[in-house]
Structure formats: structure tokens, C-alpha cells
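Below is one structure, written out as C-alpha cells; the observations come after it.
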Amino acid sequence: MMKKIAILGSTGSIGTQTLDVVRANGDIQVVGLGAGSNVDLMEQQIREFHPKFAAMESEEKASELRMRIRDLDVMVSCGMEGMLELACLPESEILVTAIVGMIGIRPTIAAMKAGKDIALANKETLVTAGHLIMPLSKECGVRILPVDSEHSAIFQCLNGENKKEIDKLLITASGGPFRGRKREELLHVTVEDALRHPNWSMGHKITIDSATLVNKGLEVMEAKWLFGVDLDRIQVVVQPQSIIHSMVQFRDGAVMAQMGTPDMKLPIQYALYYPERRFLAGDRLDFAKLREITFEEPDMETFRGLPMAMEASKRGGSVPTVFNAANERAVALFLARKIGFLDIYDVIAGAMEQHHRIEQPSLEEILAAEQETYEWIAAKYE
């Protein structure tokens with residue numbers, strides 16, 4: 001049986017690794033691909049995987065792609081319209097949401113309403129719209145299969161277990177490139193320093209989020225919705241070797257951990273074939289060489305991304321959207337060398353402070369809160 005999938009964000013880090021998994025297995029058919037602006041890579045992917053449908057961010061990129069693949073029978077669309085069409089392709093069973101940013105929410109909702117399972121790698125979907133997404137998945141009878149390594153680890157630990165017996169979730173963090181440093185040591189770090197992640201290979205945005213610990217904050221916010229666990233029962237543990245990908249403690253005191261070498265292809269493949277486990281080529285853990293696995297508490301004073309995310313999640317409503325949107329812009333400003341590393345936290349704090357919270361925001365209100373946050377930051381910093 002061929003599995004049929006569509007990938008939103010096929011030219012990014014998760015998208016290209018999803019295609020590695022497709023390549024290695026031979027029984028997945030890619031029916032649709034969506035990307036931002038990388039026409040070169042999109043053309044290569046189309047020629048290799050023969051999807052029926054492709055979507056690019058802009059009309060300009062879409063027409064360039066159409067020109068390049070005019071010898072092939074592929075429908076090319078663009079913009080939000082193209083992404084929504086990709087999300088709802090009648091042939092596909094699973095939509096892999098590997099796109100970064102809140103732009104992923106609308107296609108995810110559309111795919112669920114069209115009866116597709118979601119292989120979820122887009123953090124923003126649950127962070128900002130968890131209160132809409134989780135009830136919708138039940139209503140539509142579709143599964144949300146986590147692709148993030150930490151959430152996949154928890155998902156694997158809960159396989160066959162009763163969720164009501166969870167005592168707490170233990171989400172692991174590598175600590176990022178600046179683990180162990182204090183605030184004053186981070187005053188003058190460069191973009192290059194922040195992009196040097198010790199264990200994982202990821203896109204620029206997520207690598208910076210890992211350095212600020214915002215990434216871990218977003219994962220905590222996501223886990224709350226994904227597994228229906230209150231914030232005060234989610235704990236972040238720094239595990240510098242990235243061998244334990246996350247753990248679940250049950251009410252009898254038992255702790256289940258999912259371990260492995262840091263390889264994103266494992267959670268991607270697990271989501272695509274769940275509940276089956278397939279062979280996956282790659283390194284295996286060698287416990288004789290490993291010798292030890294160490295743990296630390298996260299430094300919440302230096303790396304304010306985590307406590308600020310917790311605060312945004314506790315306040316709830318539209319506040320997580322503001323936290324997320326402000327971080328997105330702050331990271332872009334840092335990567336453009338317009339602000340310093342520690343200024344990222346100040347941008348987020350300022351945006352959260354000036355926002356008037358909405359209790360149960362609709363999708364329109366979520367997107368409006370994002371827009372207002374962008375405008376506030378542009379007026380102040382750009």
C-alpha cells in the first residue's frame with residue numbers, strides 16, 4: 001500500500017529530511033509540495049518525486065517554477081490559496097506541516113477539515129491556536145502526529161499508556177550553544193556564535209530559538225495542548241548530550257524515557273508510519289562509549305525565553321500569539337544584525353506588556369494579534 005503525503009515547507013530542514021525518509025522507504029508517494037522561495041531546490045524535488053501539485057510563496061516564484069518545469073505535468077499555484085489547495089489535495093492522507101511561522105495555521109485547519117492526518121512540525125499551530133486545533137482534531141476524527149523530537153519522544157513513551165496516569169512530562173533541552181554562560185557573557189555574542197548548535201542541525205530561526213531557550217518555551221506550550229497536561233506538570237531538564245529526547249513520569253513514580261542519537265529522521269518516520277516502526281539507517285547508541293548522561297536545571301535568569309513562554313502560556317488567550325509573533329520578529333532583527341542577542345528578550349517583553357489580552361481568540365483575532373505585534377515592533381525597532 002502506497003502512503004500518500006503532501007509536504008508544506010518541502011525545501012526547509014524538516015521538509016528535506018522528510019524527503020530523505022521517502023527516498024529510503026519506497027512506499028510513500030508525494031502528491032504535493034509547498035515551499036517559500038527556493039525555486040532551484042523545488043525544481044529538483046519535483047523532478048525526483050513527481051508530485052501532481054506544487055505551491056510557492058509568491059506569484060513571481062510560481063511563474064519561474066512553471067517555466068522551469070513546463071516539460072512536466074504539474075499544477076503550480078502560489079500564496080495562501082496555493083497552500084490551502086495543497087493542504088486539501090484529495091489524494092493525500094497526511095499533511096506534513098514543516099513550514100516555520102503562523103502562516104502554517106490556516107492550511108493545517110483546512111487539511112484537518114478535509115480529513116487529513118497532520119504530521120506536525122509547525123510549532124506555531126498549537127502555541128497560538130491549540131484551543132481551536134485540539135477540539136477540531138476530535139471533531140474531524142484526524143490524528144495529530146508530532147514530528148518535533150521532544151513531542152515524538154513523549155508520544156512514544158505514552159504508547160499503550162493511559163494519559164490519565166501521567167504525573168508529569170519531562171522535556172529535555174540541550175541547553176543550546178551558550179549553556180553555562182551568564183548574562184554579561186552574552187552581551188556581545190554574534191549571529192555566527194548563536195548559529196553554532198552543539199547537537200542538532202536545524203534552520204536559522206529554530207537554532208536562534210534554541211540559543212535563547214524560547215524554543216523550549218514553545219515546546220512546553222505545545223506539549224500542554226498535545227497531551228492535555230497542565231503547565232505546572234511540565235518540567236524542562238537540560239540534558240547536554242541530547243541522548244534522552246524527553247520523558248514521562250507516571251503517578252506510580254515510573255519514568256519512561258525515549259533515547260537515541262540526535263536524528264530528526266526518526267521522529268519524522270515514526271509520524272509517517274505510526275504505529276509501525278521501520279528500519280532507519282544511521283548511528284546507534286553505543287552505551288560502552290557513552291559512559292554517562294548528565295542533567296542540569298535550566299538557567300531561567302539568563303535564558304528568559306523559557307520563563308517568559310511559561311508566563312505567556314499561563315496568561316493564555318491571545319498572549320501566546322504575541323509571545324510567538326514578537327519572538328519571530330526579534331529573531332529576524334537579530335539575524336539582520338539590527339539588535340543584540342539579549343535584546344530579543346526585551347522585544348518580546350515589551351510586546352507582551354502593551355497587548356490587550358483576548359480570552360478565547362478566533363482564528364481571525366489570532367492573526368490580527370500577530371499583525372498588531374508586528375506593527376508595534378516595526379514602529380519601535382525598524
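Some observations on this one:
- About its Cα centre, segment 283-382 has a charge dipole of approximately 200 debye under the convention of +1 per Lys or Arg Cβ and -1 per Asp or Glu Cβ, with nothing else charged.
- Alpha carbon centroid spacing (whole Å) that separates segment 214-250 from segment 366-381: 28 Å
- Listed residues Met2, Met134 arranged by accessible area, highest first, probe 1.4 Å: Met2, Met134
- Solvent exposure of the chain as accessible area per residue, Å², 1.4 Å probe: 43 Å²
- Percent accessible area from carbon and sulfur atoms, segment 300-352, protein chains only, probe 1.4 Å: 51 percent
- Ordered by solvent-accessible area of protein heavy atoms (1.4 Å probe), largest first, the residues Ser362, Ser137 come out as Ser362, Ser137.
- Ala349-Glu60 FRET efficiency (beta carbon distance; Förster radius 35 Å; 0.05 resolution): 0.40
- Lys/Arg +1, Asp/Glu -1 at C-beta; the chain dipole; positive extreme among Ile144, Val127, Thr212: Ile144
- Selected from Val96, Val147, Val31 as most flexible by GNM, with the chain as the system and alpha-carbon contacts under 10 Å: Val31
- Comparing Phe323, Phe295, Phe303 in a Gaussian network model of the chain (Cα springs below 10 Å), the most mobile by mean-square fluctuation is Phe295.
- Each residue of segment 265-277 was assigned a 3J(HN,Hα) from its phi angle through the Karplus curve 6.51 cos²θ - 1.76 cosθ + 1.60 (θ = phi - 60°); the sequence is 5, 5, x, 5, 5, 4, 5, 5, 10, 3, x, 6, 9 Hz, with glycine and proline shown as x.
- The distance from the alpha carbon centre of segment 121-140 to that of segment 149-168 is 18 Å, rounded to a whole number.
- Gaussian network model of the chain, springs between alpha carbon atoms under 10 Å - residue of Pro146, Pro307, Pro107 with greatest fluctuation: Pro307
- Size of charge dipole - segment 210-361 - debye, nearest 20, with Cβ of Lys, Arg +1 and Asp, Glu -1, no other charges: 400 debye
- Among beta bridges identified by DSSP and lying wholly in the chain, the antiparallel ones come to about 25 percent.
- 3J(HN,Hα) couplings calculated from phi for segment 9-19 with the Karplus curve 6.51 cos²θ - 1.76 cosθ + 1.60 (θ = phi - 60°) are, in sequence order, x, 6, 9, x, 4, 6, x, 5, 6, 5, 5 Hz; Gly and Pro show x.
- In this structure Glu359 has an accessible area near 110 Å², from a 1.4 Å probe over the protein heavy atoms.
- Using a probe radius of 1.4 angstrom, the carbon and sulfur fraction of the accessible surface of segment 19-129 is 50%.
- Gyration tensor (alpha-carbon) shape descriptor, segment 109-150, a/c threshold 1.5: oblate
- Note on the chain: dipole from Cβ charges, positive end direction compared against Gly317, Tyr345, Phe287; the farthest Cα belongs to Phe287.
- Placing unit charges on each Cβ (+1 for Lys and Arg, -1 for Asp and Glu) gives segment 162-301 a dipole about its Cα centre, and among Met202, Gly260, Ile243 the Cα reaching farthest toward its positive end belongs to Gly260.
- A straight chain from Arg315 to Lys182 at 0.36 nm per residue would run longer than the Cα-Cα distance by 45.1 nm.
- Positive minus negative residues near Ile46 (Lys, Arg vs Asp, Glu; Cβ under 15 Å): +1
- Computed FRET value (nearest 0.05) for Phe279 with Glu192, which takes r as the C-beta separation and R₀ as 45 Å: 0.75
- The residues neighbouring His356, those whose beta-carbon lies less than 15 Å from its own, together hold a net charge of -4 under the Lys/Arg +1, Asp/Glu -1 convention.
- Residue-level accessible surface for Cys157, protein heavy atoms, 1.4 Å, Å²: 10 Å²
- Mean Cα-pair separation over length for the chain, i.e. relative contact order, pairs under 8 Å, 6 or more apart, %: 15 percent
- Of [x] 1.06; [y] 1.04; [z] 0.95, the label for Rg/Rh (Cα atoms, Kirkwood Rh) derived from the coordinates: [z]
- Cβ-placed point charges (K, R +1; D, E -1), dipole of the chain about Cα centre in debye, nearest 20: 640 debye
- Part-to-part distance (alpha-carbon centres) for segment 27-77 and segment 328-350, which is given in Å: 33 Å
- Gyration tensor (alpha-carbon) shape descriptor, segment 45-108, a/c threshold 1.5: oblate
- Separation in nanometres of the label points that stand 7 Å from Cα toward Cβ, at Met80 and Arg47: 3.4 nm
The values are calculated or read from the model by the stated rules, or taken from the named source; none is laboratory data. This one's a predicted model, so the numbers in the text were calculated from it and none came from an experiment. Note: ideal-geometry Cβ built from the backbone for every residue, glycine included; neighbour counts use all protein chains shown. The protein model used for the area step is the full one, side chains on, heavy atoms only, and it has no ligands, DNA or RNA in it. Shrake-Rupley method; radii C 1.70, N 1.55, O 1.52, S 1.80 Å.
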